[in-house]
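One structure is given here, and the rest of the page talks about it.
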Amino acid sequence: MNATSFDAFFRRVADAIGVETQNDLARVLGVNRSAITQAKQRNAIPQKWLHALARDYGYSARWLESGDGPKHAGTSCHEP
């Protein structure tokens, strides 16, 4: 992940897909809660998580990771 923190990633995902807790995120991703804890401790998001969320919810993996670029996959301009 660039200079973006896990917490910022989690806030973006929570707002975008409606998860409220890290347990919810683990459930959506189909991973153990410990995987979320490890990612948070490393302050790094596995690329496969980004791609799964992008595929399943239509968001740009780049936006999910860093908050940069278009919010939705396939759009060419930055959305608010």
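The values are calculated or read from the model by the stated rules, or taken from the named source; none is laboratory data. The model shown is predicted, which means the values in this text are computed figures rather than measured ones. Don't worry about glycine lacking a Cβ; one is built from the backbone with ideal geometry, like all the others, and counts go over all protein chains shown. Surface areas here come from the heavy atoms of the whole protein model, side chains and all, with no ligands, DNA or RNA. Shrake-Rupley method; radii C 1.70, N 1.55, O 1.52, S 1.80 Å.
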- Odd one out for Ala61, checked against (1) buried (at least 17 other Cβ atoms within 10 Å of the Cβ); (2) at pLDDT 95 or above; (3) aliphatic (A, V, I, L, M): (2)
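Looking at this structure, is Leu53 of a type in the set (A, V, I, L, M), open to solvent by less than 90 Å² (accessible area, probe 1.4 Å), part of a helix (DSSP H, G or I) and in contact with a Leu (Cβ under 8 Å, 6 or more places away or on another chain)? Step through it out loud before you land on a result.
Details: of a type in the set (A, V, I, L, M): yes; open to solvent by less than 90 Å² (accessible area, probe 1.4 Å): yes; part of a helix (DSSP H, G or I): yes; in contact with a Leu (Cβ under 8 Å, 6 or more places away or on another chain): yes.
Spelling it out, Leu53 is indeed of a type in the set (A, V, I, L, M), open to solvent by less than 90 Å² (accessible area, probe 1.4 Å), part of a helix (DSSP H, G or I) and in contact with a Leu (Cβ under 8 Å, 6 or more places away or on another chain).
Per-residue answers, yes or no, for (1) closer than 25 Å to Gly74 by Cα; (2) open to solvent by less than 90 Å² (accessible area, probe 1.4 Å); (3) β-branched (Val, Ile, Thr); (4) under 11 Å from the mean Cα position of the chain (by Cα):
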residue	(1), (2), (3), (4)
Arg12	yes, yes, no, yes
Asp15	yes, no, no, yes
Leu29	yes, yes, no, yes
Ser34	no, yes, no, no
Lys40	no, yes, no, no
